[in-house]
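Novice: To start, I am sharing the structure in question, which I have written as structure tokens.
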Amino acid sequence: MRIGALALLLLPIAKALYDAGDIVHGARPLNDVIHRAGFWALVFLGLTLAVTPLRRIARYGNLIDARRMLGVGAFCYIATHLTLFFADQMFDLGKAAHEISHRVYLIIGATAWLGLAVLTATSTDGMARRLGGLRWRRLHQAIYVIGLLALIHYFQQTKADVSVPTFAAGLFTWLMAYRLLAWWQDTTELTTASLLTLSVVVSLLTFAGEAIGIGIAFHVSPLRVLDTIFDFGAGIRPGWLVLAAGISVAALDFVRARWNGRSARVTA
Ligand code: HEM
């Protein structure tokens, strides 16, 4: 599991090396790698949040072994993101601090960065013991707020097409809604029907959120935006992708429930 997580964490570096020619000959090479590091940090943050639902749904408790590595990996990418940002400011710390404190999206990013740093520093077994199980878990629930701040930062710096940030926001909403529903039903065993319903509701929210966002940004009626969701020639809207991801997870639950029997579900 850990070797798999490490391989996954190294993939973006392999991809950047593969794309090195394009990056170097691009208009702004440093900006390109800042974007890559930020994007992959967000992806690994999302994967860290996906471990708990996935290990329950796939009845594969060993997935927990990958969680800490993915979380620490997300921090390594975000540390690189910040270091490259400093490099872009010629390592003039005063200028970098001035930039950060004068742009809302950077203040939000910096807050998320600090939060991730605290969680990474307290991610060891020794720190978990020192803080005590309950306090450690409470502290690490800050990951939900950090994920939200990272998404806001992503949206704010995106200049034109918000499809990918909207897809990321849809997946994040699914992961949060899963936890809320499990907490509300006081269970770790959401049924396949609940997972399907959750996925449909979150995908509808994604369609609505995107339509309202585009409506506000371009001063058009959100209903006109919604009219285009079946126009697949213009691209597949993020709401469909969120629905496809949700249905895949529900299908996995259905198969694993029949394969192992409901009793074999991971309860932690
Ligand atoms: C002090 C902290 C941070 C600074 C100074 C910073 C700075 C930046 C800058 C300068 C950009 C490019 C903006 C542009 O080209 O106009 C960017 C993009 C981005 N950042 Fe950050 N950031 C910080 C924290 C974070 C954190 C904590 C995350 C996520 C965990 C994150 C994720 C992203 C993403 C996803 C992008 C866009 C990547 C893409 O376009 O694909 N950043 N950030």
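The values are calculated or read from the model by the stated rules, or taken from the named source; none is laboratory data. The structure displayed is predicted, hence computed values, not measured ones. Cβ placement follows ideal geometry from the backbone for every residue including glycine, while neighbour counts extend to all protein chains displayed. Please note that ligands, DNA and RNA were not included when accessible areas were found on the heavy atoms of the full protein model with its side chains. Shrake-Rupley method; radii C 1.70, N 1.55, O 1.52, S 1.80 Å.
Rundown of residues vs (1) assigned to a loop (DSSP other than H, G, I, E, B); (2) open to solvent by 50 Å² or more (accessible area, probe 1.4 Å); (3) aliphatic (A, V, I, L, M), yes/no style:
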{"position": "Ala16", "(1), (2), (3)": "no, no, yes"}
{"position": "Ala27", "(1), (2), (3)": "yes, yes, yes"}
{"position": "Leu30", "(1), (2), (3)": "no, yes, yes"}
{"position": "Arg56", "(1), (2), (3)": "no, no, no"}
{"position": "Ile64", "(1), (2), (3)": "no, yes, yes"}
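Novice: For the stretch 108-127, enumerate the residues that are within 9 Å of the ligand (Cβ to nearest atom) and surrounded by 14 or more Cβ atoms within 10 Å (Cβ to Cβ). Walk me through how you get there before you give the answer.
Specialist: Pass one, the stretch 108-127, residues within 9 Å of the ligand (Cβ to nearest atom): 108-116.
Passing the criteria: Ile108, Gly109, Ala110, Thr111, Ala112, Trp113, Gly115, Leu116.
Novice: May I ask you to list the residues in the stretch 81-99 that are surrounded by 14 or more Cβ atoms within 10 Å (Cβ to Cβ) and either closer than 30 Å to Arg135 by Cβ or acidic (Asp, Glu) (or both)?
Specialist: His81, Leu82, Asp88, Glu99 - these are the residues of the stretch 81-99 that are surrounded by 14 or more Cβ atoms within 10 Å (Cβ to Cβ) and either closer than 30 Å to Arg135 by Cβ or acidic (Asp, Glu) (or both).
Novice: Check Val164 against each of (1) within 8 Å of the ligand (Cβ to nearest atom); (2) of a type in the set (Val, Ile, Thr); (3) crowded, with 16+ Cβ neighbours inside 10 Å and name the one condition it does not meet.
Specialist: (3)
Novice: State yes or no: is Ile23 more than 13 Å from the ligand (Cβ to nearest atom), surrounded by 14 or more Cβ atoms within 10 Å (Cβ to Cβ) and farther than 24 Å from Phe172 by Cβ?
Specialist: Details: more than 13 Å from the ligand (Cβ to nearest atom): yes; surrounded by 14 or more Cβ atoms within 10 Å (Cβ to Cβ): yes; farther than 24 Å from Phe172 by Cβ: yes.
Criteria met by Ile23.
Novice: So which of Arg103, Arg68, Arg130 is more than 14 Å from Leu45 (Cα to Cα), more than 12 Å from the ligand (Cβ to nearest atom) and of a type in the set (Lys, Arg)? Steps first, answer last, please.
Specialist: Values: Arg103 fails: more than 12 Å from the ligand (Cβ to nearest atom); Arg68 fails: more than 14 Å from Leu45 (Cα to Cα).
When all the criteria are applied, what remains is Arg130.
Novice: Take Gly233 and tell me if it is on the phi < 0 side of the Ramachandran plot, open to solvent by less than 60 Å² (accessible area, probe 1.4 Å), assigned to a helix (DSSP H, G or I) and of a type outside the set (A, V, I, L, M).
Specialist: no
Novice: Those residues that are outside any helix (DSSP H, G or I) and near the ligand (Cβ under 10 Å from one of its atoms), I need them from the stretch 71-98; list them, please. Before the answer, list the steps.
Specialist: Applying the first criterion (outside any helix (DSSP H, G or I)) to the stretch 71-98 yields 89-92.
Residue satisfying the conditions is Gln89 alone.
Novice: Can you run down the residue pairs with Cβ atoms below 7 Å, 6 or more apart or on separate chains, where the first is in the stretch 11-26 and touching a residue at least 40 places away in the same chain (Cβ under 8 Å) and the partner is surrounded by 11 or more Cβ atoms within 10 Å (Cβ to Cβ)?
Specialist: From the stretch 11-26, the pairs are Pro12/Arg36; Pro12/Trp40.
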